[in-house]
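The values are calculated or read from the model by the stated rules, or taken from the named source; none is laboratory data. These numbers were taken from a predicted model, which means no experiment stands behind them. In this analysis, Cβ positions are derived from the backbone assuming ideal geometry, glycine residues included, and neighbour counts consider all displayed protein chains. What goes into the accessible areas is simple: the full protein's heavy atoms, side chains included, and nothing from ligands, DNA or RNA. Shrake-Rupley method; radii C 1.70, N 1.55, O 1.52, S 1.80 Å.
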Amino acid sequence: MTNEPYFPAYRAPRGTAGISVSAPFLLLGILAVHGTPWTVLLTWAVIMLVVFPLTYVALRRSRTVTSHEHIQIRLPFGTRRIPWREIQAIEVSGSRMTGKYVTVRDGDGRRRNLIHVNSRALGDSLDVEVRRLHALWEWLR
């Protein structure tokens, strides 16, 4: 048995991409049933054909990954790596009404949101994951 820590990765929950992009198609159907002019429907369809793939890629690409060296915050158009030794604090913000999310304070004192480390993605296990991140931080800094 080894004492190696577990390094979690946080991604969008399954089905998130499908739900977030299906709403515009539903709206298109509602508009068509209510007699919206075809030019508006065609414009809306073209917009959806552009936005759908971008939304899907953005949701699938974004994640928070931990490793021995750093926490990596991967966004649709870039990646930020924060070494464990530069992290000043790991904090939970928000409320039960608005949803809780986790941030870290980097070496410059800036708060950085950890993508998909929130109550919406993790539900009741958010507190467990925050304790896990604190343990990693204390062990690796």
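Annotations
- Looking only at segment 43-96, and only at residues there that are among the hydrophobic types (A, V, I, L, M, F, W, C), farther than 18 Å from His134 by Cβ and open to solvent by less than 60 Å² (accessible area, probe 1.4 Å), the one that is farthest from the chain's Cα centre (by Cα): Ala45
- Filtered residues of segment 102-127 (kept if outside any strand (DSSP E or B) and closer than 16 Å to Tyr10 by Cα): Ser119, Arg120, Ala121, Leu122, Gly123, Asp124, Ser125, Leu126, Asp127
- Any hit, segment 10-32, residues being at pLDDT 85 or above and more than 14 Å from Asn113 (Cα to Cα): no
- Any hit, segment 12-24, residues being closer than 18 Å to Trp137 by Cβ, in a loop (DSSP other than H, G, I, E, B) and of a type outside the set (Lys, Arg): no
- The sole residue among Asn118, Asn113 that is farther than 16 Å from Tyr6 by Cβ and open to solvent by 80 Å² or more (accessible area, probe 1.4 Å) is Asn113.
- Residues in segment 94-101 include none that are among the hydrophobic types (A, V, I, L, M, F, W, C) and either in a strand (DSSP E or B) or in contact (Cβ under 8 Å) with a residue 24 or more places away in the chain (or both).
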